[in-house]
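Enquirer: Next up is a structure, given as structure tokens.
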Amino acid sequence: MTPSDNSAPPSSPGLFSRIDRACFAVLKFLAGLSFLLMIFSVFISVALREVGLMPYPWVEEVSRYLVVWSVFLSAAVLARRNEHISIDVFYAHVSRPVRKLINIASALLGVVLIGYFAYMGWGFSYTAYRFNDMSLSGYIPVWLAYAAIPVGLGLTALAYLLWGVDILGNRTNEPDSATDIINIQQGIQK
């Protein structure tokens, strides 16, 4: 995978680009919001315990569910910005056309595998919904947590698809050499 310079996703011209950026900006906001809400719910739970009050039993479950949502939503943001963990020892030393082929294969593999996992997650979520499974506290439906899997992974598969379209349309910021790749990873600007 190509290293990223921590910028927004490569833009394609026009309306599609604006929609793409707006959707993934909202997604990034929702991932951050779910993480902040998780921190707040844990803080409230600990504070109530410290003053001798028993926290509501569902507060800790909500925080766990929010962690799950923030992880899966963040996965889509990272995939769109091409910032997932990658091993690029080999990648950094091949020619630009070979890197493009590797990127196309990575995008295709990402769409297929992540799309399949999203489909499987949908099955788990739907089953929990159909049987009205509840959390251990009995207050929260389990499908709310399970739904993070198909939603987050579905958006991640979409991000890989968009990345593949960007690669095929030559709209990626592909470094020219191994030195450029290393400089980008270390945050060194030309």
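Any read-out appearing in this document is the output of simple, stated calculations on the displayed coordinates, not a laboratory observation. What you see is a predicted model, and the numbers here were worked out from it, not measured in a lab. All Cβ positions, glycine included, derive from the backbone under ideal geometry; neighbour counts span all protein chains shown.
Enquirer: Hey, fewest Cβ within 10 Å first, where do LEU162, LEU113 land in order? Walk me through the numbers on the way to the answer.
Expert: On the way: LEU162 21, LEU113 14.
Taking fewest neighbouring Cβ atoms as first place, the list is LEU113, LEU162.
Enquirer: Provide the per-residue ³J(HN,Hα) series for the range 47-64, in order, calculated from phi with Karplus coefficients 6.51, -1.76, 1.60 and θ = phi - 60°, each as a whole number of Hz, with x at glycine and proline positions.
Expert: Karplus-based 3J(HN,Hα) across the range 47-64 equals 4, 5, 5, 5, 8, x, 9, 7, x, 4, x, 8, 5, 5, 5, 4, 5, 5 Hz.
Enquirer: Exposure proxy check: HIS84, HIS93 ranked by fewest other beta carbons within 10 Å?
Expert: The order, fewest Cβ neighbours first, is HIS93, HIS84.
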